[in-house]
1. Given +1 on the Cβ of Lys and Arg, -1 on the Cβ of Asp and Glu, and no further charges, what dipole in debye does region 316-411 carry about its Cα centre, rounded to the nearest 20?
2. What size of dipole, in debye to the nearest 20, comes out for region 151-299 about its Cα centre when the only charges are +1 on Lys and Arg C-beta atoms and -1 on Asp and Glu C-beta atoms?
3. Report the trypsin sites (Lys or Arg not before Pro) located in region 304-354 that are in a DSSP loop and have at most 14 other Cβ atoms inside 10 Å of their Cβ, or state none.
4. State which entries of LYS14/LYS186; LYS220/LYS492; LYS73/LYS219 exceed 32 angstrom in Cα-Cα distance in the structure shown.
5. Run through region 186-222 and list the trypsin sites (Lys or Arg not before Pro) located in a DSSP loop whose Cβ has at most 14 other Cβ atoms within 10 Å.
6. Considering only DSSP states other than H, G, I, E and B, which trypsin sites (Lys or Arg not before Pro) in region 372-434 qualify as loop sites with at most 14 other Cβ atoms within 10 Å?
7. Around ASP21, what is the net charge, scoring Lys/Arg as +1 and Asp/Glu as -1 over all other residues with Cβ under 14 Å from its Cβ?
8. Taking the Cα centre of each part, how many Å lie between region 273-329 and region 330-349?
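Rule-based calculations on the coordinates, nothing more; no lab input. Just so it is clear, the structure is predicted and the values come from calculations on it, not from any experiment. So basically every Cβ, Gly included, is an ideal-geometry build from the backbone, and we count neighbours across all protein chains shown.
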Amino acid sequence: MNSIEHLFSTNEIKTLENIVDTAIKVSNAQTGSLLLARDDGSLFIAAGRDLLDKYIGSRVELDKKTVSGYVFKTGEPFIIDDKNISQFSRRKERKSYSISLPIKKTTNRVVGILNLNRTDKSFEKKSIPQLEAFATNIAILLEENNLRQDRERIIIVLSEIIELFSSLCCNDNFNAVFEKIYYAVKILTGVKRASVFKLSKKRPYLVFAKEWPRKMNWKKFDNTRQQVQNLIDQKKVTLISDKAKTQLLFIPLISDNHPPFLFVGIIEKDIDIIDYLVLSIIENMGNSTLENITLFKNSKKLTQEKERNRFARELHDGLAQILASTQIYLHFLENTIPKESQNEMEILNKIKSLNTLGIEESRFILSELKGKPITTTQFKEKIDEITSLFIIPGNKIHINYRVEMKEIPYRIYKMILKILQEALSNIQKHAQANKINIHITNSKRQMILSVEDNGVGFDPQIIDEKGSEHFGLQNLRERIRILKGKLKIDSKPGSGTKIMVKIPYEENDSSLAWEGQKE
């Protein structure tokens, strides 16, 4: 890319052009050019007179056969005249004279070259000090410009991260915080590839990534394990180089109030003490925001539990007691009705059944409000009960139940049962199936339900377009969405249907999961 507009503003480009014009005037030259160094050490043409626009921004070779390469590497000015055609000349005779001067920073590092050309006579050695002083002023101007850009960049970074901390982001998930941290670090250091690992006792796993190499997993840090562990223990921003000479920026996001994370970025340039200071601010602000989200969600959860307990007490002391008392009076009433009054007895029995159903429903609601965990045995019994209610005579149902947990969270227990009931009801109404396979299992992070039939099948896309209420898909999706789970439907006309549901144990898991590499 030859354009320099991404490196300098319009005013800065005009300033560079004025520098060249002034140098030409001071030295009585006819043409000139200003070459500047990039971060990777290469040179490019930043400004010039009597140069085609297409050359501005173009790269300049730095081999030993060029004057620019010689001056850049030695830091010494070089004059080409009639007596010194030299090894750098591509012609046997010179038709113009030139001088090339290094532009040095206060650290004596060469950051550019000023080339001046004339045709009337050669440059004199006594003019070199004056032109070197001019080149020094150019270096000071460039340094001031770099400092201004650094200040502007830091201001932008701080405004980004302060906005993160001050915004009402308590309802955001952790990924939103990682995104903000990534862009702040990118503006400051130029990092393009970054990731966040969630730290765990067994092995950290990837939860966020931006252009992160898939092969770059936690094992790749084995050779720097002790250094990484030290920065985690000290909660300190650190730059570490691995065996492949790759510079890795580590920002620990660790607190007692939220899960521990580690931000890792692949960086191509060194960072100074000011960068470290700003990165520490990013770390503190990021940590504080993660704490805010965690504490807000914990507070919300406690408030919900408090409300559930209040409703449970009111239900137990109110409606449940009324229904229980009504049942007793119905027993008394049953003894007063003559045996020959069959109509009255049938009506009474129906009322008793409805009242019993109300008592059972109130107990179910009480259990739900209290959120008591369910044992795997209770879970299996309830699955068998629901399955037996929806089985059609002649249908073959196979249940593969492999749940290896002592207790199941009540919300997951309740949701799995409702989803199973919905799926079996749809099969009974629409599928025309005679074989049903039900698989219920669990992993370390989620409960998995699979219901498969050999029925007529359908096209899920067409059903969605027409209105998914017919097959109950909307109900399934809504139930699963509430628990931040995942639903997959595999079906086509004539090939049966398979529904798979995955529900995470923890409500925040889905916000942390990255659909890529996990350990």
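1. Magnitude of the dipole: close to 420 debye.
2. 820 debye
3. Qualifying residues, ordered by number: LYS339.
4. Exceeds cut-off: LYS220/LYS492; LYS73/LYS219.
5. LYS192, LYS201, LYS202, ARG214, LYS215
6. Listed in order of number, the matching sites are LYS406.
7. Its environment carries a net charge of +1.
8. If you average the Cα positions of each part, the centres end up 49 Å apart.
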